[in-house]
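A short reminder: the numbers here are calculations on the coordinates, not readings from a lab. Predicted model, so just to flag it, every value in this text is computed and none were measured. Every residue, glycine as well, gets a Cβ built from its backbone with ideal geometry; the counts of neighbours run over all protein chains shown.
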Amino acid sequence: MLEMLLMQYEDQFGEAFPLADFQEKSEIEVINILYDCVQNNTPYEAGMEVSGNRFDDAPGMSK
């Protein structure tokens, strides 16, 4: 799911998502941020808040 959202983000905004800025975040947090960006057609900006947790886990994630 993360890979799909990263590709969609790059296609939609013409630049790669700044994944290196999220080394301290969990994968699911990054997925939720990416999902918000793609769904709201808004590129990521530093300090951006997620508009509610959409996913608690995702397919393929180990627990």
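From the backbone phi of region 4-14, what are the Karplus-calculated ³J(HN,Hα) couplings (6.51 cos²θ - 1.76 cosθ + 1.60, θ = phi - 60°) in whole Hz, Gly and Pro given as x?
So the Karplus estimates, Gly and Pro as x, are 4, 5, 4, 5, 5, 4, 5, 5, 6, 10, x Hz.
Multiply the residue gap between residue 51 and residue 4 by 0.36 nm, knock off their C-alpha separation, and tell me the result in nm, one decimal place.
Details: separation 47, 0.36 × 47 = 16.92 nm, distance 2.02 nm.
Working it through step by step, the gained length comes to 14.9 nm.
Using mean Cβ contacts within 10 Å as the protection proxy, how do 14-20, 32-38, 45-51, 2-8 order, highest first? Don't skip to the answer; put the middle values down first.
Numbers: 14-20: 11.7, 32-38: 19.9, 45-51: 9.1, 2-8: 14.1.
Peptide ranking by packing, descending: 32-38, 2-8, 14-20, 45-51.
Net charge near residue 4: determine it from the other residues with C-beta under 12 Å of the C-beta of residue 4, scoring Lys and Arg +1 and Asp and Glu -1. Can you show the working numbers first?
Working: positive: none; negative: 3, 10, 11.
Computed value for this residue: -3.
Using the Kirkwood radius built from alpha carbon pairs, what does the Stokes-Einstein equation give as D for region 1-54 at 4 °C and 1.567 mPa s, in µm² per second? Could you put the intermediate results ahead of the total?
On the way: Rh = 11.1 Å.
Answer from the Stokes-Einstein relation: 117 µm²/s.
Can you check what the net charge comes to around residue 42, using other residues whose Cβ is under 13 Å from the Cβ of residue 42 (Lys, Arg +1; Asp, Glu -1)? Kindly include the intermediate steps, with their values, before the conclusion.
Values: positive: none; negative: 36, 45, 49.
Cβ neighbours under 13 Å give a net charge of -3.
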